[in-house]
Amino acid sequence: MPRPKSIRAPTTASLPNNLRIPSTTTSLIKTLNKLPRQSLLDLVFQWLDDRNVHLYPPFLEADEDATADDDEGLRPYPAERTLNDVRNAYQELQFRKGGKREVIDRILDGDWRTGITLRQIAMVDLKYLDDHPAGLRWTALELTRIGNTNQDTVEDIAACIPRVHASTFLNSLQKQVAPLVKAHFYLTRSTTLPLTYLRIFVTHSPYQSPRQAPDSLIDSSRVMYVAFPDSCPYIYTSLASTTGSKTTGPAPAVATDARSLQRIVRDAVPKALSLPHQRYGLKSTNLTAKNLQALLSLRGPGRSNKANGAFSIFADAVLEGSPLDPRPSNTVSIEEHQKQTALATQLDAEKENNNTDTNGDTKTENKEANPLRRDTENPQVAKKRKTIVQSRFGTSGTKLNSAPLDRLDARILDPPSSSSTTSTTDGDTNTTAQPALSLTFTGTDVISGLRKLAELGIVNAERMPSWMTGEEGVSVAFVRGGKVVNDAG
């Protein structure tokens, strides 16, 4: 009988976890090569665990008999008889030294020669994300109740933390994006941080043709991540974009590029979290960073999310008590703490000077060549400046602080002079909508660098604005009249 022709019908269902990508796909080698050898072996042992092996079954001799592959004898890795034989083979790889390429070759040419599933690819990406927490740029967004006008009470804040059931949330998210986006969802718990990852791979609508190549299922540009920290009304997304953008004119057609599809999914997340009479939206927090730990510190469940800059000494438990506590305290006062810190800094400086004295005239030459050390002759000046820096920065920019910002953008909205203000014939005053001045600071830890400039006396710590001392806890600051405003409008 002639073989019936296969019929492909469009469906709005999400991409299944067991959808296999052929092991001969060249992009698979690049994807697996991201992980070190030991991480690859750890993943394989996770696939071969008794609880998971039915989801990622390896190729065995019984499967070989069923397929009747004539080229089986030419393969470098013959099929194993039992599951324990497969485990023993990878344990042998773990015990002896070698490169990770042999592990990749055994995975693709041996035990998973029939293909790697989308769920396995997602596990590889999440393993890499846990090993490299600074590999992506994350944006913190706040979950807010739509229609809630008073969010300052404890009850309202608690109401902005929805109770999420994993399968229900994924089903709701799939319904929101199904008409426009074909996606694969993978939800898992982070092994290093107190948050849950949602990996979303997006592709075109099911009504798109022709059929996509296998390489497109491993395209990293079509992957976005959403992180849900524990017990706080924030989410982190790897797609940096502003919410509530204004458009004029007729609505454009739905774009099919990767970033547009990701935005569709990102906007559907608060809708999937919503319930009847409990609708949620996303609000920008003006905080973007590469380090997830920084987002957890500044917009997370800890004590430091609202205590930055000078107040960080209380959040980091440098001092006991609270500046708002009216009760007497037997702990050290802020002034005493600053004195102790300044004294320790002075002792370190004297020790450094004593070490430099052994070089004879080199100390004098360095003083003359380096104008930044012009105050070392007067310890009182340096001590006073250290005290001022302590009172403005607190623990921000020190080793105690766990929120390093790699970028800080400031947009000064005030016009430079009165000439920038023009009066119309009706007497209305119009100012330019564009920032009069934009400043960008980049580095491993921007706040630490600004603190160092203040300690050296290059910047006056007393006159530094709060967004430069880390007190605002933002990476994008719109400044008007010396104060940070919510947006440029």
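The values are calculated or read from the model by the stated rules, or taken from the named source; none is laboratory data. The structure presented is a predicted model; accordingly, all values stated were derived computationally and were not measured. FYI the Cβ positions are ideal-geometry reconstructions off the backbone, even for glycines, and counts take in every protein chain you see. The area values use the complete protein model at the heavy-atom level, side chains included, leaving out ligands, DNA and RNA. Shrake-Rupley method; radii C 1.70, N 1.55, O 1.52, S 1.80 Å.
Worth a mention:
- Restricting the range 180-202 to residues that are among the basic types (Lys, Arg) and touching a residue at least 12 places away in the same chain (Cβ under 8 Å) leaves a set whose member that is nearest to residue 221 (Cα to Cα) is 199.
- Counted residues, the range 110-126 - those being open to solvent by less than 60 Å² (accessible area, probe 1.4 Å), under 24 Å from residue 220 (Cβ atoms) and either of a type in the set (Ser, Thr, Tyr) or assigned to a helix (DSSP H, G or I) (or both): 9
Condition check ((1) at pLDDT 90 or above; (2) open to solvent by 50 Å² or more (accessible area, probe 1.4 Å); (3) closer than 30 Å to residue 191 by Cβ) across all residues:
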| residue | (1), (2), (3) |
| --- | --- |
| 3 | no, yes, no |
| 7 | no, yes, no |
| 22 | yes, yes, yes |
| 41 | yes, no, yes |
| 47 | yes, no, yes |
| 52 | yes, no, yes |
| 61 | no, yes, no |
| 93 | yes, no, yes |
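- All positions within the range 194-216 that are modelled with pLDDT of 90 or more and of a type in the set (A, V, I, L, M): 195, 198, 200
- Here residue 263 meets each of (1) farther than 22 Å from residue 182 by Cα; (2) open to solvent by 40 Å² or more (accessible area, probe 1.4 Å) with one exception, condition (1).
- Cβ-Cβ distances below 6 Å connect the following pairs, each with a first residue in the range 258-273 that is more than 20 Å from residue 171 (Cβ to Cβ), a second residue that is part of a helix (DSSP H, G or I) and open to solvent by 40 Å² or more (accessible area, probe 1.4 Å), and a separation of six or more residues or different chains: 258/221.
- Residues that are of a type in the set (Ser, Thr, Tyr) and at pLDDT below 90 were ranked within the range 449-489; the one that is surrounded by the most Cβ atoms within 10 Å (Cβ to Cβ) is 469.
- Checked against the criterion of being in contact with a helix residue (DSSP H, G or I) (Cβ under 9 Å, 6 or more places away or on another chain), of a type in the set (A, V, I, L, M) and modelled with pLDDT under 85, the candidates 289, 307, 240 yield just one match: 307.
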